[in-house]
């Protein structure tokens, strides 16, 4: 069976660590390794190799939603579930609204629809 590390840890499966050059986990290997391969989907779209990234969003800002967001995106929870955390975790990627970054870092926001994307 082939699965991501976090899925194996979550299910209690044994797993092996692959070299960083091929495991899609290290941003420093994107240009040198990951981006050198691609796959063409049946619809003709070409998918280029890159790091595995996970996204998280808060659709409606509330204290409860922010509490859940913080628990699900902190190092302790992610490590417990088999994710590898980089020195730059979390790294906001794309057009993360300023108020979301501020909220995650202890600020306050009155926006109703913040979103966030980060790379693990």
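Tabulated data for the structure shown
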item	result
Lone unmet requirement of (1) without any contact (Cβ under 8 Å) to a residue 40 or more places away in the chain; (2) over 19 Å from residue 85 (Cβ atoms); (3) out of contact with any strand residue (DSSP E or B) (no Cβ under 9 Å at 6 or more places or on another chain) for residue 24	(2)
Residue match in region 47-59 (condition: farther than 18 Å from residue 83 by Cβ, surrounded by fewer than 11 Cβ atoms within 10 Å (Cβ to Cβ) and outside the structural domain of residue 83 (by TED's automatic domain parsing))	yes
So residue 38, is it closer than 30 Å to residue 19 by Cβ and surrounded by 11 or more Cβ atoms within 10 Å (Cβ to Cβ)	no
Residue 16 vs. criteria loosely packed, with under 10 Cβ neighbours inside 10 Å and under 22 Å from residue 78 (Cα atoms)	yes
Number of positions in region 57-77 that are under 23 Å from residue 7 (Cβ atoms) and touching a strand residue (DSSP E or B) at 6+ places or on another chain (Cβ under 9 Å)	4
Residue under evaluation residue 44, criteria (1) modelled with pLDDT of 85 or more; (2) closer than 22 Å to residue 16 by Cα, criterion not met	(2)
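The values are calculated or read from the model by the stated rules, or taken from the named source; none is laboratory data. Note that the coordinates shown come from a computational prediction; the quantities given were computed from them, not determined experimentally. Note: ideal-geometry Cβ built from the backbone for every residue, glycine included; neighbour counts use all protein chains shown.
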